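A short worksheet on the structure shown next.
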Amino acid sequence: MTTSAPQAVRVRAPGKINVSLKVGPLRADGYHAVASVYLAVSLFEEVTASAAAQPGITVRVDAGGPLRIPADGIPLGPDNLVARAAAALAGHAGIQDPAVDLVITKHVPVAGGMGGGSADAAAALLACNELWGTGLSAADLALLGAGLGADVPFALAGGAAVGLGVGDELTPVAAAAPLHWVLVAADTGLSTPAVYRRLDALRTSSGAGTEEPETADPAVLAALTAGNAAALAGVIHNDLQPAALSLAPALDNVLQRGKELGALAGIVSGSGPTLAFLAADADAAARLQDALRAEGHNALAVYGPAAGAEPADPAAPADH
Ligand code: ATP
């Protein structure tokens, strides 16, 4: 009898924005504690895992997509997060010589503060789990994912969630209705560690004390739960924003412009440089996207919450 193992599995996983991000002081271990409110948005990475004839893990990246993402700066060897994810799963499951070809379809800006690499890792974990029939539970995959990056468990889960610790201790948030956003991608990325270093430097020079963030902002959670965009606009916040703007000052003008063109609010996503503008509804987001594009910005209307990592239906049209 032949086995029914699939020869190829395609999975998609969402990019994220942080609608609230509180960052604690630099800890002795080099990390910062955070209190983050994550929102998965409808801009998805796709990873296809195919059984390979020879042992080894290969990686290829197809770039492009609606934000015209270039593939520069993405390692294609064992450092790529999809290769690390496959190797971690193989190690966990006792697979000696994994043989898999991984193809990433990249839609989320690279080094953009939207957790694109983490989404790739999440998609690769789920795809290889299916390809190899390793049968790990969602909880096991999240544990394995946390070892690859703090944002990986959220890319697996999707939706909306509070993230504590380094962002990987997740509590789901039941968001009532989709919120509509316009993303603006930058031409070059920002290194997440460099943004955190700049934050530490800014805090040292201003003498500002910081406390360990223990809880997410209740006003943000209430607005998300109610699906109330106007209320959320008043409370979205990112502690990393001054550091990202200090490293990429041109973003400040774009933030102002988005608001002049009708955004309820604008924010740097995570460590930046992608910007996320909150719109009143889907029509307002479409109008804002078009107005920003008319001024030469790389803008895209999306909604969130979006689903976490899941098999991508080959018959379905790509959402983004
Ligand atoms: P963070 O999750 O820290 O906010 P980010 O969203 O700003 O990260 P990513 O695009 O996830 O940035 O990747 C950051 C770096 O990780 C890249 O510059 C690249 O060197 C490396 N990297 C490894 N694997 C991948 C991958 N599959 N896609 C993108 N970058 C990757």
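Before moving on, here are some points about what is shown:
- Residue within segment 124-132 that is within 11 Å of the ligand (Cβ to nearest atom) and crowded, with 21+ Cβ neighbours inside 10 Å present: yes
Results for (1) closer than 23 Å to residue 299 by Cβ; (2) surrounded by fewer than 20 Cβ atoms within 10 Å (Cβ to Cβ); (3) not assigned by TED's automatic domain parsing to the domain that holds residue 18, shown as yes or no for each residue.
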site: 153; (1), (2), (3): no, no, no
site: 188; (1), (2), (3): yes, yes, yes
site: 191; (1), (2), (3): no, yes, yes
site: 199; (1), (2), (3): no, no, yes
site: 204; (1), (2), (3): no, yes, yes
site: 216; (1), (2), (3): no, no, yes
site: 223; (1), (2), (3): no, no, yes
site: 237; (1), (2), (3): yes, yes, yes
site: 253; (1), (2), (3): yes, yes, yes
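- So residue 135, is it farther than 30 Å from residue 258 by Cα and free of Cβ contacts under 8 Å to residues at least 24 places away in the same chain: yes
- Within segment 60-75, the set of residues being part of a strand (DSSP E or B) and either within 9 Å of the ligand (Cβ to nearest atom) or among the polar types (S, T, N, Q) (or both) comprises just one member, 61.
- The residue list 81, 39 contains one member that is in contact with a helix residue (DSSP H, G or I) (Cβ under 6 Å, 6 or more places away or on another chain) and either charged (D, E, K, R) or buried (at least 17 other Cβ atoms within 10 Å of the Cβ) (or both), which is 81.
- Residues (part of a helix (DSSP H, G or I) and among the polar types (S, T, N, Q)) located in segment 96-118: 118
- Within segment 76-85, none of the residues are touching a Leu at 6+ places or on another chain (Cβ under 9 Å), more than 15 Å from the ligand (Cβ to nearest atom) and part of a loop (DSSP other than H, G, I, E, B).
- Annotation note: Cβ proximity below 8 Å between a residue of segment 113-126 that is closer than 17 Å to residue 272 by Cβ and a residue that is polar (S, T, N, Q) and more than 7 Å from the ligand (Cβ to nearest atom) (sequence gap 6+ or interchain) occurs for 113/269; 113/274; 114/269; 114/274.
- Test: residue in segment 56-68 that is crowded, with 17+ Cβ neighbours inside 10 Å, over 17 Å from residue 167 (Cα atoms), of a type in the set (D, E, K, R) and in contact (Cβ under 8 Å) with a residue 12 or more places away in the chain: no
The values are calculated or read from the model by the stated rules, or taken from the named source; none is laboratory data. It should be emphasised that the depicted structure is a prediction, and the values quoted were computed from it without experimental measurement. Ideal geometry is used to build each Cβ from the backbone, glycine not excepted, and the neighbour counts take in all protein chains shown.
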